[in-house]
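To keep things clear, I will list the structure first and then write my remarks on it.
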Amino acid sequence: MAYLAGRLRAETIAGWGRLGVYAFDFRGAPLGDVATPRRTTAAPGVALRLTFDFAPAETLLALVSTPDVTPAEAMRRLDAPAFDALLAHRGQGFYQLPWTRELMAVNVARAASTLPLDRLYAFANPKGFLDYADVSRHRARYRALLDTLRAREGALLGDVAGRIAPYLPAGTRLERTVSLYFAEGADGWARDGVAAVDLEWFKDDYARLRTTLTHETFHAAQQAARRPAPPGAGAGSPADSVLRGALEQLFEEGTANYVAPTRDMPAAERATAVRAGAALLDTVVAALANGTADGRAAAQGAVQRGVAGAGPFYWLGAAMSAAIVDALGPRALAATLRDGGVAFAQSYLRAAARAPAAPSLLPATVAAAVRRLPAPAQR
């Protein structure tokens, strides 16, 4: 039994370690320079107010720190709007195990159990009980982590704001609360007005936590900066609608990935991802050319492959963002947040024209299709 439990534990840690998205142990590193607000030049009227909501994490930590808490008591404590949002998100069909409040309560109670069989399972599967085995095992470290984040909240979120501000158009105002949780399934998510980070995925890897906070906050800033489209702006053929949707995904994920990359990627691998993104866009344009429903479905499939799992569109869009900033300056990239995908792609084409010696990131067919789309109306 000891051998089997140890082997399961070792293989679980090794498998997740290869993915590089989950921290099994605390690093023991201080917050330090990660939470040093940087001096940046923002456009006039840009104002960001970022705060943490500690309540969900505090509730979950208190529950797993209560020996042999009952599922009924856990259910009572989990009956709150913050957990309604979590359950709505984890209840979606693309999760292998959709969550319910009952499921969550039983797993929290098992993580807090002192029964030998529950403790053995928590050892053998350190991500067991929906990650609450990990939270229970490291509860003293998580207590210290929450205390550190509370004490340095202003500095850490000030650093996040400083990384975002240069790429926001004048007058952008954003108030955003990031709720802290513990939850298996994803390191960050948003649902029903709740923007969340699940801390056990990061522990005290503050640099990666900061990157995720920056990436997700930039998405919120995109929404805050967007101006309403004028009447008739979305009119056009069904094919144009699909192409605009592809460019919107490229813009949303690419600009956020430029400001805060989802992961460190070697230059050669990044170049391969950029080429793959361009090829998928070419596939979208080619599939739309025949004007059939099947072609539009094939194009939609290519778009999904572009974004799934932080896919090639993240890296193509980031490379296009870098080209815009290099040729036209940060304010040019910020200006695309007003109108989104079409404005972003057309801004890239203007940037590419400024540097004719550099190879184009977009195939000629895609560039021609982008040029045919009506430019966003300026108001």
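Read-outs throughout are calculated quantities, based only on the coordinates presented, and are distinct from any laboratory measurement. Please read all numbers here as calculations on a predicted model, not as lab measurements. Here the Cβ is made from the backbone with ideal geometry for all residues, glycine too, and neighbour counts use every protein chain on show.
What do you get for the angle between helix 2-19 and the principal long axis of the chain? Use alpha-carbon atoms, 0 to 90 degrees, nearest ten.
Helix 2-19 and the main axis of the chain meet at about 20 degrees.
Over the range 47-225, what portion of Cα pair distances is larger than 29 Å, expressed as a whole percent?
The answer is 23 percent, as a whole percent.
Can you pull out the trypsin sites (Lys or Arg not before Pro) in the range 27-89 whose DSSP state is coil and whose Cβ has at most 13 other Cβ atoms within 10 Å?
Answer in residue order: 27, 38, 39.
Just the C-alpha atoms of the range 238-372: what Rg/Rh do they give, with Rh taken as the Kirkwood radius? Walk me through the intermediate numbers first.
Details: Rg = 13.8 Å, Rh = 14.6 Å.
Over the Cα atoms of the range 238-372, Rg/Rh equals 0.95.
Let me check against my output: what whole-number percent is the relative contact order of the range 1-133, with C-alpha pairs under 8 Å and at least 6 apart?
Here the relative contact order equals 30 percent.
What percent does the relative contact order of the range 246-321 come to when contacts are Cα pairs within less than 8 Å and at least six residues apart?
Relative contact order comes out at 53 percent.
If you count the DSSP beta bridges with both ends in the chain, what percent of them are antiparallel, to the nearest 5?
In the chain, approximately 25 percent of DSSP beta bridges are antiparallel ones.
Within the range 52-145, which chymotrypsin sites (Phe, Trp or Tyr not before Pro) sit in a loop by DSSP and count at most 14 neighbouring Cβ atoms inside 10 Å?
Hits after loop and neighbour filter: 94, 95.
Lys and Arg at +1, Asp and Glu at -1: add these up for the other residues within a Cβ distance under 14 Å of residue 319 and post the number.
Once positives and negatives cancel, what remains is -1.
Nearest 10 degrees is fine. How inclined is helix 341-354 to the longest principal axis of the chain, computing both from alpha carbons?
Taking Cα atoms only, the helix is inclined about 60 degrees.
Angle between the Cα long axis of helix 206-225 and the longest principal axis of the chain, 0 to 90 degrees, nearest 10?
Roughly 50 degrees between the two axes.
Output needed for the range 268-333: three equivalent-ellipsoid semi-axes, defined as square roots of 5 times the C-alpha gyration tensor eigenvalues, in descending order, whole Å.
Computed over the range 268-333, the values are 26, 14, 9 Å.
Over the chain, what number does the Rg to Rh ratio reach, with both radii from the alpha-carbon atoms and Rh per Kirkwood? Let's see the in-between values first.
Details: Rg = 22.9 Å, Rh = 22.6 Å.
Rg/Rh: 1.01.
Give me the percent relative contact order of the chain, please, defined on Cα pairs under 8 angstrom at least 6 residues apart.
So the answer I get is 18 percent.
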